[in-house]
Number of protein chains: 2
Amino acid sequence: MTLLVICQNKEPQPWVDALMKIDSRLDIRIWPDEGEPNDITFALVWQHPHGVLQRYPNLKTVSSMGAGVDHILQDPQLPSGLKLVRIIDPGLVDDMFDYLSMAVASYRHHQHRYFNYQASGRWSPDAPLKKSALTIGVMGLGQLGEVVASRFAAQNFKVVGWSTSEKNIPQVTAFVGESQQKEFFNRTNILINLLPLTDATRSILNAVNLSQLKKPAYLINVGRGQHLVEDDLRHLLESEKLSGACLDVFSEEPLSVDHWFWRHPQIKVTPHVSSLTQPDRVAPQIVQNYQQTFLGLPLLNQVDLNRGY
Amino acid sequence: MTLLVICQNKEPQPWVDALMKIDSRLDIRIWPDEGEPNDITFALVWQHPHGVLQRYPNLKTVSSMGAGVDHILQDPQLPSGLKLVRIIDPGLVDDMFDYLSMAVASYRHHQHRYFNYQASGRWSPDAPLKKSALTIGVMGLGQLGEVVASRFAAQNFKVVGWSTSEKNIPQVTAFVGESQQKEFFNRTNILINLLPLTDATRSILNAVNLSQLKKPAYLINVGRGQHLVEDDLRHLLESEKLSGACLDVFSEEPLSVDHWFWRHPQIKVTPHVSSLTQPDRVAPQIVQNYQQTFLGLPLLNQVDLNRGY
């Protein structure tokens, strides 16, 4: 019984260290040096090469190294019968809210504009946009989204939310399903995308939807790059339907050096840092799922394969 | 009995409008079209030309258009016997804390670095600096400083403060006077300067003091430009004793287009926007002081001329 770490674009060692700190007797291997494939019962993965999971006949559970499992579900050769779990990092909510409140404040205080002015030494003060004049719209009211919406409301922002199932969050006006989507957009100035990536949400940040935002309109994408139709964003900025965007996630990561996002004056790019899962904080739940798998007990944070999250 | 508005680098009209909204019978004039100098009993000023106040023999009270009165006290030809008042804008505390918490979050999340990387399309994610590893030091624990220190403490930052008189602020370790200054600096990572500008505080942000900060050390100056010794800042950045600075105030404003601050990669420049006094919010206290002056009653927020604030 062995735990295999398979990751690309991430260092495996901090994960191994964090797991060993919980239980030093764990048999952990790092792909591609997995030894005997029959040993592998549990895989901890991030952007694994498609097809690789088929090599392990005794694999029972695959755990994502983060909150998203889309990178796993996109594997067309994903073996059937696997249990899939994701990571709920309790510190992630704090980190995410920290990032988002900074992104909102930076927009209200014209930080990107001032930064652009710095190169030419341009002094052009503007009063910050008033909280009372802006409504924050949170798309996706799951574990993260619900807390994010509540915390913005606690900071005296007007907050609306949208999700596929009904939610009851104090001080947050929640809209449900496709029929209420237009109203949600109409009420929103600052759109925060926290949706999981599924077939239903792919390309949801498109010209039709985003042009329904209330002006001044601003987009913060911390969901997935594939939620956004990139060319639509360009047109919305050019036609001044959007005043700017803060993007932390991209269809291809790292974002290609010659992508137009980098050099657009109204786009702020950050390198997927809004929610960096910290191995130390989540190692206990990974070890627990590993043990539950062995014992045949229910798993923590198991993904509903029909919903995709 | 007439109220004269004297300002440079600020539009007078929004102030006149806000005052007239309170009392439309007010006789308000805008310098230099003040008419009969003997009429003037009250002056509302911002960066007035030195000497100009001597022209009004019946002038009794001078009100600053902001929280600072240093621009008034710097006039070597300030008539004696004047009462001096400053503005306490109740909304200013919120705006200031908003700006400061954004500045702190931007530092923790490496925003300035990511901005700089955008030009070259460089993808280089770094984990944010942890709150628990950083101590915020607030210099100046007056009306603004006390609230700022408390609010950072409420956000689970470790907070120390320094002022010339003893303060008792829950969850904030307060240091007093010159004898405890070194210890204050030694405990501080992120230094927030909120001191008033006086002879005792001028140039207080110098190489000796700033090199005592705990690493990583970062400076946020929202006090006055004259608090900072500019060449010392450059050397501290070069010698890596400071990792960066966010500057909102400058000895000369607007900051000259060819000033080196603009183009230094570790300096973030904002055009004095951390505390923009809003005429509507403070017009009532100006009108009240104008009326109290007429009636010979005590004034709101009168400045102690010995302390200078």
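The values are calculated or read from the model by the stated rules, or taken from the named source; none is laboratory data. The shown structure was predicted, so the numbers you read here are calculated from the model rather than taken from an experiment. Quick reminder, even Gly has a Cβ in these numbers, built from the backbone with ideal geometry, and neighbours come from all protein chains shown. Areas reflect the complete protein model, heavy atoms only, side chains present, ligands, DNA and RNA absent. Shrake-Rupley method; radii C 1.70, N 1.55, O 1.52, S 1.80 Å.
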Where along chain A is the Cβ that lies nearest the axis linking it to chain B, and how many Å separate them?
A:PHE115, 3
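Need one word for the stretch B:164-309: rounded, prolate or oblate. Basis is the Cα gyration tensor (sqrt eigenvalues a ≥ b ≥ c); a/c below 1.5 gives rounded, then a/b vs b/c decides. Intermediate values should be presented prior to the final figure.
Values: a/c = 2.44, a/b = 1.51, b/c = 1.61.
The shape class here is oblate.
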Select from A:ASP98, A:ASP23, A:ASP126 the residue whose mean-square fluctuation is largest in a Gaussian network model of chain A (Cα-Cα springs shorter than 10 Å).
A:ASP126
Length-normalised contact order for chain B - Cα pairs under 8 Å, 6+ apart - percent
17 percent
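State, as an integer percentage, the relative contact order of the stretch A:42-155 based on alpha-carbon contacts under 8 Å between residues 6 or more apart. The partial results should precede the final answer.
Working: 102 pairs, mean separation 22.2, N = 114.
After rounding, I find 20 percent.
Go through the stretch A:148-199 and name the GluC sites (Glu not before Pro) that are in a DSSP coil and have 10 or fewer other Cβ atoms within 10 Å of their Cβ. Each step should come with its number before you reach the end.
Numbers: sites: A:GLU166, A:GLU178, A:GLU183; in loops: A:GLU166.
Here the sparse-neighbourhood loop sites are A:GLU166.
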Normalised by the number of residues in the stretch B:189-263, what is the relative contact order in percent for Cα pairs under 8 Å and 6+ residues apart?
34 percent
Suppose you put the label 7 Å out from Cα in the Cβ direction; list, shortest first and in nm with one decimal, how far A:PRO37 is from each other copy's label.
9.8
Which net charge results when you count Lys and Arg as +1 and Asp and Glu as -1 among the other residues whose beta-carbon is under 14 Å from that of B:GLN180?
0
For the stretch B:113-127, list whatever residues lose no less than 40 Å² of accessible surface once every protein chain is in place, relative to that chain by itself, with the probe at 1.4 Å.
B:TYR114, B:PHE115, B:GLN118, B:GLY121, B:TRP123
Which value at 222 nm does chain B reach when only helices count, each DSSP H run of 4 or more adding -39,500 (n - 2.57), with the total divided by all residues and rounded to the nearest 500 deg cm²/dmol?
-8500 deg cm²/dmol
Measuring from a point 7 Å out along Cα→Cβ, what nm distances, shortest first, does A:GLN74 have to its partners in the other copies?
5.6
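I need the calculated FRET efficiency for the pair A:ASP17 and B:ASN58, taking r as the beta carbon distance and R₀ as 56 Å, to the nearest 0.05. Provide the component values of the computation, followed by the final result.
Numbers: r = 77 Å, r/R0 = 1.38.
Given R0 = 56 Å and the Cβ-Cβ separation, E is 0.10.
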In square angstrom, what is the accessible area per residue of the protein assembly as shown with a 1.4 angstrom probe?
43 Å²
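Hand me the trypsin sites (Lys or Arg not before Pro) from the stretch B:16-78 located in a DSSP loop with no more than 13 other Cβ atoms within 10 Å, in residue order please. Mind dumping the intermediate values first?
Values: sites: B:LYS21, B:ARG25, B:ARG29, B:ARG55, B:LYS60; in loops: B:ARG25, B:LYS60.
Answer in residue order: B:ARG25.
Please go through the residue pairs B:LYS131/B:LYS215; A:LYS182/A:LYS214; A:LYS158/B:LYS268 and name each one whose alpha carbons sit more than 18 Å apart in this structure. It would help to have the intermediate numbers written out before the result.
Numbers: B:LYS131/B:LYS215 14 Å; A:LYS182/A:LYS214 11 Å; A:LYS158/B:LYS268 30 Å.
Over 18 Å Cα-Cα: A:LYS158/B:LYS268.
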Take A:GLN155, project a point 7 Å from its Cα along the Cβ direction, then tell me which residues of the stretch B:88-107 have their backbone nitrogen under 19 Å from it.
B:91-107
Going Cα to Cα from A:LYS10, which lysines come in below 20 Å? Please leave out same-chain ones fewer than 8 positions away.
A:LYS21
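Can you tell me what share of the DSSP beta bridges in the protein assembly as shown is antiparallel? A percent to the nearest 5 is fine. Kindly include the intermediate steps, with their values, before the conclusion.
Numbers: 2 of 86 bridges.
Of the beta bridges lying entirely in the protein assembly as shown, close to 0 percent run antiparallel.
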Hey, for B:PRO125 with labels 7 Å out along Cα-Cβ, what do the inter-copy distances come to in nm, ordered shortest first?
3.8
Set the Förster radius R0 to 22 Å, insert the Cβ-Cβ distance between B:ASN9 and B:ASP33 as r into 1/(1 + (r/R0)^6), and round the FRET efficiency to 0.05.
0.75
Once the Cβ-Cβ distance between B:GLN143 and B:SER179 is put in as r, and R0 is 22 Å, what FRET efficiency do you end up with, to the nearest 0.05?
0.35
How large is the accessible surface of B:GLU36 in square angstrom, using a 1.4 angstrom probe and rounding to the nearest 10?
80 Å²
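Ignoring any ligand, DNA or RNA, what whole percent of the accessible area of the stretch A:1-102 comes from carbon and sulfur when the probe is 1.4 angstrom?
Details: 2060 of 4270 Å².
Carbon plus sulfur share of accessible area: 48 percent.
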Given the options A:GLY296, A:GLY223, A:GLY137, state which has the largest fluctuation in a GNM of chain A using a 10 Å cut-off (strictly under) for Cα springs.
A:GLY296
Over both sides of the A-B contact, add up the buried accessible area with a 1.4 Å probe and give it to the nearest 100 Å².
3500 Å²
Compute a Gaussian network model of chain B, connecting alpha carbons closer than 10 Å, and tell me which residue from B:VAL257, B:VAL52, B:VAL159 fluctuates the most.
B:VAL257
